[in-house]
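Engineer: Before I ask anything, here is the structure I am working with.
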Amino acid sequence: MRISPEKPVDRLEVPLKKNERIDDLQRNHYRIIQDSEGFCFGMDAVLLSGFARAEKKDRVLDLGTGTGIIPILMTAKTEASYFTGLEIQSESADMARRSVRLNHLENKIGIVTGDIREAVSLFGAASFDVVTCNPPYMTEHHGLINPKAPKAIARHELLCTLEDVIEQSSRLLKPGGNFYMVHRPFRLADIMVLLRQYRLEPKELKLVHPYADREPSMVLIRANRGGKSRMRVGKPLIIYKEPGIYTDEICDIYGY
């Protein structure tokens, strides 16, 4: 839901740029700045924020945070001590910082502009209890690449690969730390091979279906650094009861 323009105080404190808008996140009165001409967050990010867990003293890193949607939502849903969002696109990182200010979360969330492939150099090995990521799903060989850079970078592995994400996450996590990711089912074989290769043991998997009688369109995964071999496949998550009507579980995740 879009915030009405009768909020001049927010616009003065956190100025908006051309094509930007403020959206209501339905959680703790939190809002987020997005560019209507750029890449806006989707349901996958919201579902990941509902799937990922963090304890009271945990430090959480979100790789490729975009406009900061996952740290902001997880601040509302968990008691983790601090969130860091890493984003390579300076325009998105700037929007994320302004959204953090908009929600007065400066003491809970920090946004860093940088490359996922250099994350360990930026933060140090074994620095986080939890790492989350909603990475690009497509390789450069999958489908048409959007000519607008922000959308292309968000959707295709142009600036980092699945292996980059998993390799860096393994090194960033403390022993016993958890890695949470949302991806597409057609990449599951690649995901499982890479997780094992980098000592992130798959522990939990949940498939997301648009309707109960349709094949899954997303997969939510938790892997544990150095964990023992045993994976739980959870109950499928169904998005729609019927066209345009969310299931109760989806409404709960969104906070409706």
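Read-outs: derived from the displayed coordinates by stated rules, not from any lab. Bear in mind that the values here come from a model prediction, so they are computed numbers and not experimental data. Virtual Cβ from ideal backbone geometry, glycine too; neighbours counted across all protein chains shown.
Engineer: Distance cut-off 31 Å, Cα to Cα: go down the list Lys18/Lys174; Lys17/Lys108; Lys57/Lys241; Lys17/Lys57 and report the pairs above it.
Structural biologist: In this structure, Lys18/Lys174; Lys57/Lys241; Lys17/Lys57 exceed 31 Å between Cα atoms.
Engineer: With +1 assigned to the C-beta of every Lys and Arg and -1 to the C-beta of every Asp and Glu, and no other charges, what is the dipole magnitude of segment 66-110 about the Cα centre in debye, to the nearest 20?
Structural biologist: The dipole of segment 66-110 has a size of about 120 debye.
Engineer: Here's another thing I want to ask about it. With 10 angstrom as the radius, rank Lys77, Lys241 by how many other C-beta atoms surround their C-beta, starting from the fewest.
Structural biologist: Lys241, Lys77
Engineer: Here is a further query. Given the options His183, His209, His29, which has the most mean-square fluctuation in a GNM of the chain, springs set between C-alpha atoms less than 10 angstrom apart?
Structural biologist: Among His183, His209, His29, the largest mean-square fluctuation in the Gaussian network model of the chain belongs to His29.
Engineer: What shape does segment 1-125 have by the C-alpha gyration tensor, where a ≥ b ≥ c are the square roots of the eigenvalues, rounded means a/c under 1.5, and otherwise prolate means a/b greater than b/c and oblate the rest?
Structural biologist: Verdict is prolate for segment 1-125.
Engineer: Kindly provide the helix-only [θ] at 222 nm of the chain, computed as the sum of -39,500 (n - 2.57) over DSSP H runs of four or more divided by all residues, to the nearest 500 deg cm²/dmol?
Structural biologist: My calculation for the chain gives -8500 deg cm²/dmol from helical runs alone.
Engineer: Can you list the HN-Hα couplings for segment 14-27, worked out from phi with the Karplus curve (6.51, -1.76, 1.60; θ = phi - 60°), rounded to whole Hz and with x for Gly and Pro?
Structural biologist: Each residue of segment 14-27 in turn: 10, x, 9, 9, 4, 6, 8, 9, 10, 10, 7, 8, 6, 9 Hz.
Engineer: Could you identify which residue out of Tyr240, Tyr180, Tyr30 has the top mean-square fluctuation in a GNM of the chain using Cα springs shorter than 10 Å?
Structural biologist: Result: Tyr240 has the largest fluctuation of those listed.
Engineer: Using +1 on the beta carbon of Lys and Arg, -1 on that of Asp and Glu, and nothing else charged, what's the dipole of segment 38-116 about the Cα centre, debye to 20?
Structural biologist: 320 debye
Engineer: If you wrap a convex hull around the alpha carbons of the chain, what volume per residue comes out, as a whole number of Å³?
Structural biologist: 130 Å³
Engineer: Continuing with the same structure: Report relative contact order for the chain in percent, whole number only (criteria: Cα-Cα under 8 Å, sequence separation at least 6).
Structural biologist: Rounded, it is 15 percent for the chain.
Engineer: For an R0 of 41 angstrom, estimate the FRET efficiency from the Cβ-Cβ distance between Lys241 and Glu79 and round to the nearest 0.05.
Structural biologist: For Lys241 and Glu79, the calculated efficiency is 0.80.
Engineer: Please identify, among Arg230, Arg199, Arg98, the residue showing maximal mean-square fluctuation in a Gaussian network model of the chain using a 10 angstrom Cα cutoff.
Structural biologist: Most flexible of the set in this elastic network: Arg230.
Engineer: Next up: Taking amide H atoms as placed 1.01 Å from N in the peptide plane, list the residues 5 or more away in sequence, or in a different chain, whose amide H sits under 5 Å from that of Thr247.
Structural biologist: Residues meeting the criterion, in which the H sits 1.01 Å from N, are Tyr240, Lys241.
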